[in-house]
Amino acid sequence: MAEAHQAVAFQFTVTPEGIDLQLSHEALKQVYLSGLRSWKKKFARFKNSVITGVYPASPSSWLFVVITIIAAMYTRVDPSLGMIGKIKEHLPVSAYLSHQGQNIISALLFSTVLWLALIMTMRYILKQLLSYHGWMYEQHGKMSATTKFWLTLVKIFSGRKPMLYSYQASLPRLPVPHIKDTMTRYLESVRPLMNDQEFKRMTGLAKDFEVNLAPRLQWYLKLKSLWASNYVSDWWEEYIYLRGRSPLMVNSNYYAMDFLYVTPTPIQAARAGNTVHAILLYRRRLSREELKPSRVPGSIIPLCSSQWERTFNTTRIPGEETDSIQHYQDSKHIVVYHKGRFFRVWVYHGGRLLKPKELELQFQRILDDESPALPGEMKLAALTAGNRTFWAKARKAYFRNGKNGQCLELVEKAAFFVTLDDSEQGLRYEDPVNSLDAYAKSLLHGKCYDRWFDKSFTFIIFKNGKIGLNAEHSWADAPIVGHLWESVLATDCFQLGYNVDGHCKGEADPMLPAPQRMQWEITAECQEAIDSSLQEVQALADDVDFHTFPFKDFGKGLIKKCRTSPDAFVQIALQLAHYRDKGKFCLTYEASMTRLFREGRTETVRSCTVESSNFVKAMMNCSETDEQRLKLFKTAAEKHQLLYRNAMTGAGIDRHLFCLYIVSKYLGKDSPFLKEVLSEPWRLSTSQTPIQQVELFDLVNHPEYVSCGGGFGPVADDGYGVSYIIVGEDLINFHVSCKHSSPETGAHRFGAHIQKALLDILALFRLDKKYLNK
């Protein structure tokens with residue numbers, strides 16, 4: 001009860017002499033510091049909104065313009081060409097001002113309008129400059145004079161010291177591709193997947209759609225693109241994510257892993273203290289907009305940063321037909337799960353963030369707490385893992401009011417969710433294969449009830465000090481979570497560190513209020529709902545087959561010597577591996593980003609092409625020479641690069657077709673072509689995890705600090721999910737998922753095919769002395 005007493009700011013008692021008022025100075029101090037912190041944050045948000053609002057200019061530039069105009073006036077020069085005089089004539093308060101006062105007010109008004117006009121002009125010029133994408137199609141390592149001149153102009157109009165959201169208003173809108181271009185690209189993408197008769201039929205459907213229904217649908221899309229910031233993103237979020245009714249676990253959420261070889265401390269509470277503090281430092285920098293604007297790696301070209309806004313204090317709210325995303329401006333606590341109990345942990349004390357040592361103390365208190373879970377509490381989070389409609393109905397029935405409503409509100413308003421896992425995970429050298437596979441499955445689904453799958457992310461600390469993260473997908477894409485994760489790992493190891501005993505550095509305030517147990521009241525009917533959801537998701541989790549492995553034979557360094565894009569190299573290897581695994585080609589999804597545009601998210605690169613299939617067939621044909629195979633590989637790699645660049649610059653296929661389909665549904669028009677296209681299964685879904693902050697990790701001097709990357713579940717029941725991260729110069733980590741229930745798939749088997757395909761392709765280059773020595 002100590003926490004309750006500390007929360008009371010004053011007490012009073014009635015005595016014969018009157019009322020005896022007893023003030024708690026410590027409580028009043030906490031109230032004051034909390035209010036002070038709140039006002040500081042409000043002021044910081046206001047200041048940042050002003051700075052961002054006038055970018056690429058600065059607030060101080062207004063003063064410069066005013067002084068220049070007034071100085072010119074006093075030298076008998078009228079820089080306004082008579083405009084100041086016109087303003088002076090129409091001043092509503094001119095009768096109350098002296099002649100000099102009227103001049104100054106008129107000059108101030110003219111200067112302000114001129115300053116705003118200059119800002120809008122600079123923004124317009126920068127937006128037009130950023131609409132140019134010719135630089136992306138130039139040969140790697142060679143830059144044309146046009147691009148050099150363009151880059152110079154971008155630097156001039158980009159301003160100085162940009163904040164996280166400074167470029168948002170200057171980013172161009174995502175263009176709507178021409179119908180004819182999309183149809184041509186689509187038919188080209190499905191050619192290797194169809195025989196002549198099937199392709200002829202699909203061509204007929206596409207031509208009929210292009211001529212008859214498509215122009216009307218396209219008109220609505222162009223209208224939306226003029227009105228909305230992005231013609232795709234809101235529909236993509238709603239219809240692909242929020243309207244999905246299947247379980248988030250495995251099907252939507254994804255995960256991120258710790259370092260592959262290094263565990264900074266084996267003490268669970270200490271690792272939790274440092275890393276949670278690192279996450280909170282990142283949140284503070286994000287709130288203050290102190291993070292550097294996202295850019296194309298190795299360039300000054302800005303990317304959209306809007307997805308960062310909902311990283312923290314965010315949860316997905318289930319609905320019977322569609323979910324919603326609830327984001328809160330601030331949160332002063334996190335919710336921690338351990339052995340079936342939920343705890344609220346305050347992250348501020350005395351108006352400041354808790355120190356790593358203080359967080360370690362709080363987590364150790366939870367680990368030492370031996371109180372049992374309340375009835376129904378242990379497996380409660382299984383509801384968030386299961387069917388969305390089922391969870392929405394259960395939420396409405398059992399969690400609207402009373403203690404359950406209050407507890408649920410605490411979870412949903414938390415900065416993020418933390419699980420102190422009671423298992424040990426990570427790479428074990430005595431059993432490297434199975435240990436990494438178990439680590440991946442633990443992060444993807446855990447026990448199906450020890451992750452809160454609705455939160456923007458659940459942060460997981462294992463018993464042996466390993467960490468991981470499970471992220472909900474609707475609010476943002478993987479690069480945003482990856483940026484956070486890179487910062488957390490680097491801050492934990494290279495800035496905060498640990499003492500010689502493996503504990504957090506510094507001292508803790510012994511008077512810190514203890515974590516608070518959350519008091520759920522789960523009825524028997526609610527427990528039945530929990531058990532029903534758990535039964536469904538447990539079967540889903542058990543069906544997942546996972547294989548995570550590091551490929552150490554070569555990496556980016558050797559691939560670049562082959563004068564090939566590392567991503568194209570891996571993608572074509574995946575095509576070869578898939579054909580060897582299943583004996584056929586399949587529709588392949590590679591995620592690309594469209595963040596060169598405002599509020600851009602992703603686009604699909606259809607990696608199975610005519611060129612890549614020709615190469616694969618040549619590899620399977622013993623009569624083909626290695627020289628011919630190498631030539632076909634280079635052609636396939638160039639085609640893949642072209643498709644990736646098209647996707648990044650708004651000339652992709654799938655988002656355009658998706659939006660045309662949505663418009664057709666709004667208009668009540670059925671399209672056999674769109675219906676067939678949108679129902680095609682992606683039996684090979686792939687994604688590269690980019691390393692965005694290379695400067696945080698010195699892999700030359702500390703090669704052991706390599707990231708293991710992250711992964712996701714299979715998209716199709718009879719397909720594969722493949723995530724990979726290219727680390728440093730000599731390592732590629734793969735995460736392969738599929739389902740045990742499919743007789744056509746096997747994660748370990750496909751992993752072996754991937755490794756062989758990579759080596760076989762490299763062998764082609766070793767035969768040609770132009771690229772590699774034998």
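A compact table of results
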{"quantity": "Normalised alpha carbon radius of gyration of the chain [divisor 2.2 N^0.38 Å]", "calculated": "1.07"}
{"quantity": "Computed label-point distance, nm, for sites N434 and Q628 using a 7 Å Cα→Cβ extension", "calculated": "4.7 nm"}
{"quantity": "Given charges at beta-carbon only (K, R positive; D, E negative), |dipole| of the range 623-692 in Debye", "calculated": "240 debye"}
{"quantity": "Candidate aspartates and glutamates - alpha carbon under 13 Å from K148, same-chain residues fewer than 8 apart omitted", "calculated": "E138"}
{"quantity": "The range 487-494 - phi-based ³J(HN,Hα) in whole Hz, Karplus 6.51/-1.76/1.60, Gly and Pro as x", "calculated": "5, 5, 4, 5, 5, 4, 8, 9"}
{"quantity": "Helix-only mean residue ellipticity at 222 nm for the chain, each DSSP H run of n ≥ 4 adding -39500 (n - 2.57), per residue, nearest 500", "calculated": "-14500 deg cm²/dmol"}
{"quantity": "Efficiency of FRET from Cβ geometry, Q516 and K463, R₀ 30 Å, rounded to 0.05", "calculated": "0.80"}
{"quantity": "5 angstrom amide H check on F551, placed H, neighbours 5+ away", "calculated": "I732, N733, F734"}
{"quantity": "Between the range 490-542 and the range 146-219, the Cα center-to-center distance that results, in Å", "calculated": "44 Å"}
{"quantity": "Peptides 631-637, 276-282 ordered by average Cβ neighbours within 10 Å, highest first", "calculated": "276-282, 631-637"}
{"quantity": "Whole-Hz couplings from phi, Karplus 6.51/-1.76/1.60, listed for the range 566-582; x for Gly and Pro", "calculated": "x, 5, 5, 4, 5, 4, 5, 4, 5, 5, 5, 4, 5, 5, 5, 6, 10"}
{"quantity": "Spatial separation of Cα centroids for the range 308-336 and the range 395-446, in angstrom", "calculated": "16 Å"}
{"quantity": "Cross-link reach list, aspartates and glutamates versus K207, counting only Cα pairs under 15 Å and skipping chain neighbours closer than eight places", "calculated": "D181, E188, E198, E676"}
{"quantity": "Over the range 40-143, relative contact order from alpha-carbon pairs under 8 Å, at least 6 apart, %", "calculated": "31 percent"}
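No lab work stands behind these numbers, since they all come straight from the coordinates. Because the structure is a prediction, the values reported are computed rather than measured. Heads up, the Cβs are rebuilt from the backbone with ideal geometry, glycines too, and the neighbour counts pull from every protein chain shown.
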